[in-house]
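*Asks:* I'd like to ask some things about the structure below.
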Amino acid sequence: MLDLTESEPSADENDRASSITERLLADAEAKVRALAQQDEVHEDFDGKHCVDCSAAIPEIRRRPVAEGGHGKVRCCDCQTVIETRKKFFAV
């Protein structure tokens, strides 16, 4: 019969791998959360209208994050298009 115990990783190796994976995931999540808390900046943003289609952006969406808003410079429709492109075309 074949003895697989020598070729399988030990419990300690699995624990270390799990620990490293958890730490990397936590770091990535922290970076994403930090980015989400930053206001977007665009040279063409006039403070009220989408930089892509010129549609009016609701106040809560354009208000700075520090003031309880979202700090965005694009309307929801244009932002959705950008996110969809990134998702499917890795732009």
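*Asks:* Do the conditions hold for D39, that is, is it at pLDDT 95 or above and surrounded by 10 or more Cβ atoms within 10 Å (Cβ to Cβ)?
*Replies:* Criteria not met by D39.
*Asks:* If you take the residues of the range 1-36 that are part of a loop (DSSP other than H, G, I, E, B) and of a type in the set (D, E, K, R), which of them is modelled with the highest pLDDT?
*Replies:* Restricting attention to the range 1-36, the residues satisfying the condition of being part of a loop (DSSP other than H, G, I, E, B) are 1-10.
So of that shortlist, the ones also of a type in the set (D, E, K, R) come out as 3, 6, 8.
Working: D3: 54, E6: 55, E8: 62.
Applying the filter and picking the extreme gives E8.
*Asks:* Let me ask something else. How many of the residues making up the range 62-84 are touching a Gly at 6+ places or on another chain (Cβ under 7 Å) and in a helix (DSSP H, G or I)?
*Replies:* Initial filter on the range 62-84 (touching a Gly at 6+ places or on another chain (Cβ under 7 Å)): 62-65.
Restricting the remaining residues to those that are in a helix (DSSP H, G or I) gives 62, 65.
Matching residues across the range 62-84 total 2.
*Asks:* How many residues are over 19 Å from R33 (Cα atoms) and not acidic (D, E) if we restrict to the range 61-79?
*Replies:* 4
*Asks:* Here's a follow-up. Among the residues of the range 25-48, which ones are in contact (Cβ under 8 Å) with a residue 12 or more places away in the chain and of a type in the set (A, V, I, L, M)?
*Replies:* V41
*Asks:* Could you grab me the full set of residues in the range 62-76 that are closer than 17 Å to D44 by Cβ and either β-branched (V, I, T) or surrounded by fewer than 17 Cβ atoms within 10 Å (Cβ to Cβ) (or both)?
*Replies:* V73, the sole residue that qualifies.
The values are calculated or read from the model by the stated rules, or taken from the named source; none is laboratory data. Quantities reported herein were computed from a predicted structural model and do not represent experimental measurements. Note that each Cβ is placed from the backbone with ideal geometry, even for glycine, and that neighbours are counted across all protein chains shown.
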